[in-house]
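The values are calculated or read from the model by the stated rules, or taken from the named source; none is laboratory data. What you see is a predicted model, and the numbers here were worked out from it, not measured in a lab. Note that we place each Cβ from the backbone using ideal geometry, even for glycine, and neighbour counts take in every protein chain shown.
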Amino acid sequence: MIKTMIITMVGSTVIMASSLLNEAKEAGLVAIPSDKQELMKLIDDKRNPITAQKTELGKMLYFDPRLSKSGLISCNTCHNLATGGDDGLAAAVGHKWTANPHHLGSPTVYNAVFFDAQFWDGRAKDVEEQAGGPILAAPEMANTAPNVVAVVKSMPEYVQRFEKAYGKDVKITYKKIADTIGNFERTLVTPAPFDDYLNGDENALSKAQKAGLKKFVEVGCATCHTGIALGGSMNMLGITAKYKYADVGDFKGDSNGMVKVATLRNITQTAPYFHNGQVTTLKEAIKEMARIQLGTTLSDKDTASIESFLGSLDGRKPTITYPVLPTRTAQTPAQNIN
């Protein structure tokens with residue numbers, strides 16, 4: 001009798017676990033593959049295949065502040081890989097301490113390779129196209145394409161590295177520089193306990209996190225925060241009610257009023273929240289999203305449960321060794337802080 005009860009209880013537990021796993025997958029949630037070859041199929045770009053030489057060069061360029069007009073700002077300034085892949089500011093700050101004129105924050109670069117679109121208005125199709133934008137933007141790195149190329153070509157080590165990465169006949173252009181930075185960014189993937197769970201490890205999530213996942217799906221959060229990025233596509237902001245801080249900044253989305261859905265991966269590390277950074281806690285962000293996107297008022301209990309699940313999206317970051325950058329030469333253009 002006791003043996004039968006134990007078997008029945010174990011069987012019920014397995015069925016419940018399997019049911020939640022199926023619910024998550026049916027809701028469109030997708031794991032980062034544990035197999036490296038399968039992952040490469042998702043992050044690689046046939047037009048510019050990932051190689052060790054390109055990613056190392058791309059990393060150097062990503063961390064090099066000399067690509068900015070002032071010589072003080074690098075890609076890593078706003079997309080800090082030591083934290084959540086962003087800068088933790090409500091509005092990004094760039095050249096001459098200029099705050100983003102639309103009061104937009106810096107989205108995380110981690111897992112950006114999985115996004116359907118880049119920038120809050122989705123105007124760039126991939127990380128390579130995105131990488132070329134901030135360097136030339138006046139409120140950000142404020143440089144010019146010719147000057148960036150001149151800076152890179154003035155340093156023999158950079159020239160040699162481009163030749164090793166692309167061949168002796170490589171032409172160092174601004175697009176090639178941006179593509180190389182993007183090549184590095186494609187490797188910034190952070191698999192998390194959530195992925196381990198979807199990939200078959202039943203013990204990867206705690207009981208509380210599993211309950212939160214169930215609530216996340218039931219409430220409808222996965223309607224927008226779906227796919228492998230749990231976000232990264234375009235959608236309307238304020239479907240059932242107006243976002244309470246919508247008037248901070250003049251950002252209205254793309255031409256159709258669509259805004260990029262923020263990824264939930266590493267979300268505990270990327271406060272403040274929303275495009276204009278007006279929500280400082282994850283609890284408030286969850287409640288506000290439920291109110292304006294789902295027309296639902298979440299209880300504190302349900303909010304805490306979903307927040308517990310979101311903690312399972314904190315991923316394992318790749319090891320990044322800060323690069324030693326090439327030495328400038330007499331031919332290197334002077335930096336300009338004005």
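So P272 passes all but one of these: (1) closer than 28 Å to G58 by Cβ; (2) under 16 Å from the mean Cα position of the chain (by Cα); (3) surrounded by fewer than 19 Cβ atoms within 10 Å (Cβ to Cβ). Which condition number does it fail?
Among (1) closer than 28 Å to G58 by Cβ; (2) under 16 Å from the mean Cα position of the chain (by Cα); (3) surrounded by fewer than 19 Cβ atoms within 10 Å (Cβ to Cβ), P272 violates only (1).
Take K96 and decide whether it is more than 21 Å from I228 (Cα to Cα) and surrounded by fewer than 21 Cβ atoms within 10 Å (Cβ to Cβ).
Spelling it out, K96 is indeed more than 21 Å from I228 (Cα to Cα) and surrounded by fewer than 21 Cβ atoms within 10 Å (Cβ to Cβ).
Identify, by number, the condition in (1) out of contact with any strand residue (DSSP E or B) (no Cβ under 6 Å at 6 or more places or on another chain); (2) under 30 Å from T187 (Cα atoms); (3) not in a helix (DSSP H, G or I) that K244 doesn't meet.
(2)
Would you say V113 is surrounded by 15 or more Cβ atoms within 10 Å (Cβ to Cβ), in contact (Cβ under 8 Å) with a residue 24 or more places away in the chain and closer than 28 Å to L282 by Cα?
Yes.
Right, D169: of a type outside the set (A, V, I, L, M) and not in a helix (DSSP H, G or I) or not?
For D169, the condition - of a type outside the set (A, V, I, L, M) and not in a helix (DSSP H, G or I) - is met.
What's the total number of residues in the stretch 38-81 that are part of a helix (DSSP H, G or I), surrounded by fewer than 21 Cβ atoms within 10 Å (Cβ to Cβ) and in contact with a Gly (Cβ under 9 Å, 6 or more places away or on another chain)?
So the answer is 2.
What's the total number of residues in the stretch 279-305 that are under 20 Å from the mean Cα position of the chain (by Cα) and either surrounded by 22 or more Cβ atoms within 10 Å (Cβ to Cβ) or in a helix (DSSP H, G or I) (or both)?
Residues flagged as under 20 Å from the mean Cα position of the chain (by Cα) and either surrounded by 22 or more Cβ atoms within 10 Å (Cβ to Cβ) or in a helix (DSSP H, G or I) (or both) within the stretch 279-305 amount to 4.
Output the number of the condition that G84 fails; it satisfies all remaining conditions of (1) farther than 17 Å from P134 by Cβ; (2) surrounded by fewer than 21 Cβ atoms within 10 Å (Cβ to Cβ); (3) among the small types (G, A, S).
Against the list (1) farther than 17 Å from P134 by Cβ; (2) surrounded by fewer than 21 Cβ atoms within 10 Å (Cβ to Cβ); (3) among the small types (G, A, S), G84 comes up short only on (2).
Could you grab me the full set of residues in the stretch 252-269 that are β-branched (V, I, T), buried (at least 20 other Cβ atoms within 10 Å of the Cβ) and in contact with a Gly (Cβ under 7 Å, 6 or more places away or on another chain)? Before you say what the answer is, go through the steps one by one.
Let us first name the residues in the stretch 252-269 that are β-branched (V, I, T), namely 259, 261, 263, 267-268.
Next cut, buried (at least 20 other Cβ atoms within 10 Å of the Cβ) only: 259, 261, 263, 267.
Those that are β-branched (V, I, T), buried (at least 20 other Cβ atoms within 10 Å of the Cβ) and in contact with a Gly (Cβ under 7 Å, 6 or more places away or on another chain): V259, V261, T263.
Quick grid of which residues meet (1) in the same structural domain as V149 (by TED's automatic domain parsing); (2) farther than 23 Å from A192 by Cβ; (3) aliphatic (A, V, I, L, M):
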position: I43; (1), (2), (3): yes, no, yes
position: R47; (1), (2), (3): yes, yes, no
position: A52; (1), (2), (3): yes, yes, yes
position: L57; (1), (2), (3): yes, yes, yes
position: D64; (1), (2), (3): yes, yes, no
position: L67; (1), (2), (3): yes, yes, yes
position: L72; (1), (2), (3): yes, yes, yes
position: C75; (1), (2), (3): yes, yes, no
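Take the stretch 176-196 and flag every residue that is more than 18 Å from N76 (Cα to Cα), touching a helix residue (DSSP H, G or I) at 6+ places or on another chain (Cβ under 7 Å) and in a helix (DSSP H, G or I). Please lay out each step first, then the result.
Kept after step one, since they are more than 18 Å from N76 (Cα to Cα), are these residues of the stretch 176-196: 176, 191-196.
Those left that are additionally touching a helix residue (DSSP H, G or I) at 6+ places or on another chain (Cβ under 7 Å): 192-194.
Within the stretch 176-196, P193, F194 qualify.
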